[in-house]
1. What list of ³J(HN,Hα) values in whole Hz, one per residue of the stretch 156-171 in order, does the Karplus curve 6.51 cos²θ - 1.76 cosθ + 1.60 (θ = phi - 60°) give from phi, with Gly and Pro shown as x?
2. Checking the a/c ratio against 1.5 first, then a/b against b/c, what shape does the Cα gyration tensor give for the stretch 101-192?
3. Set the bar at 28 Å for Cα to Cα. Now go through Lys35/Lys82; Lys10/Lys148; Lys10/Lys82; Lys82/Lys107; Lys59/Lys82 and name every pair that lies beyond it.
4. Quick one: helix 2-16 against the long Cα principal axis of the chain, what's the angle to the nearest 10°, folded into 0 to 90?
5. For a quick check: with amide H placed at 1.01 Å from N, whose amide H comes under 5 Å from Ser169's, ignoring anything fewer than 5 positions away on the same chain?
6. Given q = 0.14, 0.21, 0.28 Å⁻¹, what are the Debye log10 I(q)/I(0) values for the stretch 1-72, with equal point scatterers placed on the Cα positions and solvent ignored?
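What follows draws every value from the coordinates through simple rules; no lab data is involved. Fair warning: this is a prediction, and the values are worked out from it, not measured in the lab.
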Amino acid sequence: MYNRIDTQDKIISTAIDMIGRQINLDFTIRSIAEKANVNLASVNYYFRSKDNLINEVEKHFVRESRRIYEEITGLGMEPREKIRLWAAKTMDQIMEYPGIIYLIVTKLLNDRNENTGVVGLMDTLEQSLIPIIKESMGIQDDITASIKLMHLFSGVVAPVLFYYGAGRSFNIDMRNSNDRSRYIDALIDSVL
């Protein structure tokens with residue numbers, strides 16, 4: 001059983017790296033097996049198909065996003081600081097794994113009926129951040145809070161898309177943590 005978990009984890013880790021860091025959905029099961037240093041039969045045994053493996057990678061990133069939300073909601077910080085920490089951690093995550101955006105967008109556009117990961121991510125965003133946004137702004141209006149959430153989420157994701165898609169994000173160096181921090185501060189100030 002110990003080897004089974006190790007093998008399965010190696011396969012998932014390799015797929016996370018290929019999809020997340022290398023922005024590659026065109027990999028083959030054979031290439032995953034070679035990179036993970038496992039036999040091809042193991043990949044097929046644990047995941048049955050490339051789509052199932054991609055779904056596991058998506059689930060991993062949804063779990064990571066939930067972990068970020070759970071972490072910030074339990075902190076004894078001002079609501080605005082919680083939102084800032086969420087934005088910084090989320091942007092750091094997608095800067096490290098930009099392929100997750102590609103995966104999510106690809107699934108949204110191609111697999112309209114199978115977006116449970118994306119829906120789960122949206123549910124988590126709503127459940128975790130809307131109460132914090134309401135508290136931060138002193139409002140009770142769900143629509144206004146949802147609009148602010150959409151602005152914040154878009155503002156966190158779009159610069160990473162620009163950076164990896166066009167090679168730059170206007171005049172902001174998204175690789176530089178100080179530039180990202182200044183951007184996040186300005187984003188939160190403009191939205192809230």
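1. 7, 7, 4, x, 5, 4, 4, 4, 7, x, 10, x, 6, 10, 6, 10
2. oblate
3. Result: Lys35/Lys82; Lys10/Lys148; Lys10/Lys82; Lys82/Lys107 exceed 28 Å.
4. 60
5. Met174
6. Cα-only, vacuum Debye calculation for the stretch 1-72: -0.43, -0.86, -1.30.
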